[in-house]
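A quick write-up on the structure given underneath.
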Amino acid sequence: MFRLLLLVSVLTLGSAGNLAKVFIDQAQSNGVPLTAERFKLFSRNVGKIWELNSESEGKWTASVNKFTFMTAAEREAYKGLNATHPELQNGNSAPRSLPAGPDSVDWRELGHVTTPREQWGCGSCWAFAAVAVIETRAAKAGSAKESLSDQEVVDCASPYRDGCDGGDSLKAFEYVYEREAISKQADYPYIGRSNPSCLAKGKENGLSNVKQRYYTYRYGAEQMIAALADGPLVIEFNAIEPFFYYKTGIFDYPKCGTQVDHAMAAVGYAPNYVLLKNSWGETWGDKGFAKVARGYNLCGMYKWGFHPNFLPATAELEEK
């Protein structure tokens, strides 16, 4: 009955009919049920998107996507950062002193960055961000470019296991370091939830002989940009509602706070933006990527940065 009413509105109403048609098309393509409740939610969120596009003055574009149909609670499940880094709060991080890099870097252009994947409604951004950086740093160090297993980290990062309830990318690095391996995505595929137990097998398939230390970067745009010139790193971000609707351009939202709740992989920069690889699939943003304004601590992105540093298997490891 509700679908029939929607079709009637498409035929008889002006802009309201157009909105109903967009709702039907987008709901069907995103597998969303055609209910009155979802249409009300969609209509309200489309209004927010119109306002964002008016306020942005062409700097960036918000667009209808799967999040337009979701409540705030449903969107929260697409985050998952649960980390305060108490071990680093008192200055225990060990950043290197890095020289300034070139004006711009895009690690995708060097062939080291894999296609963005989809975490679905599992709070596993921490795992996806860590694995994305491991993939790219390992390829940079000479390994074949491979899509590695986000699911293994979700399932097996014991005693750091947080799964879909959220977690810490540093703990993911520690798990891979201790195991000295991580499976290929094809061998240990993602299912959007935690398995009852760890299913990781031997070290012969996937990335093995992992010898790494990790570096952390705190409160420093200049330092983190220099780190990005050396390779991708995990950044932490306050993923507020406008960011969920991002499509193109350079995201800039000064109202965004700095209480971080989402992890992503930073994979490049230019004079006016930082390039982020998200875990919300290729239909979100610019084929799964986002450009965010570089000039200030937007959404807390310069609060922390992390990356592993891959060494030859025979190299002596330094202290973290």
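The values are calculated or read from the model by the stated rules, or taken from the named source; none is laboratory data. Keep in mind it's a predicted model, so treat the numbers as computed, not measured. Note that we place each Cβ from the backbone using ideal geometry, even for glycine, and neighbour counts take in every protein chain shown.
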Per-region count, the stretch 272-298, residues under 14 Å from the mean Cα position of the chain (by Cα) and either at negative phi or crowded, with 21+ Cβ neighbours inside 10 Å (or both): 16
Residue ID - farthest from residue 191 (Cα to Cα), chosen from residues in the stretch 249-271 that are surrounded by 24 or more Cβ atoms within 10 Å (Cβ to Cβ) and out of contact with any Ser or Thr (no Cβ under 8 Å at 6 or more places or on another chain): 251
The lone exception for residue 288 - which of (1) within 24 Å of residue 138 (Cβ to Cβ); (2) at pLDDT below 95 it fails: (2)
Positions within the stretch 114-145 being aliphatic (A, V, I, L, M) and under 20 Å from residue 237 (Cα atoms), in sequence order: 127, 129, 130, 131, 132, 133, 134
Residue that is more than 30 Å from residue 174 (Cβ to Cβ) and either assigned by TED's automatic domain parsing to the domain that holds residue 169 or modelled with pLDDT under 85 (or both), where the choices are 108, 3, 38: 3
Verdict on residue 98 being modelled with pLDDT under 95, under 25 Å from residue 177 (Cβ atoms), assigned by TED's automatic domain parsing to the domain that holds residue 301 and surrounded by fewer than 16 Cβ atoms within 10 Å (Cβ to Cβ): no
Contacts under 7 angstrom Cβ, first residue in the stretch 42-58 being under 22 Å from residue 30 (Cβ atoms) and not assigned by TED's automatic domain parsing to the domain that holds residue 245, partner among the small types (Gly, Ala, Ser) and not in a helix (DSSP H, G or I), 6 or more apart: 49/62; 49/63; 52/62; 53/62
Filter result for residue 108 (touching a residue at least 12 places away in the same chain (Cβ under 8 Å), touching a strand residue (DSSP E or B) at 6+ places or on another chain (Cβ under 9 Å) and not in a helix (DSSP H, G or I)): yes
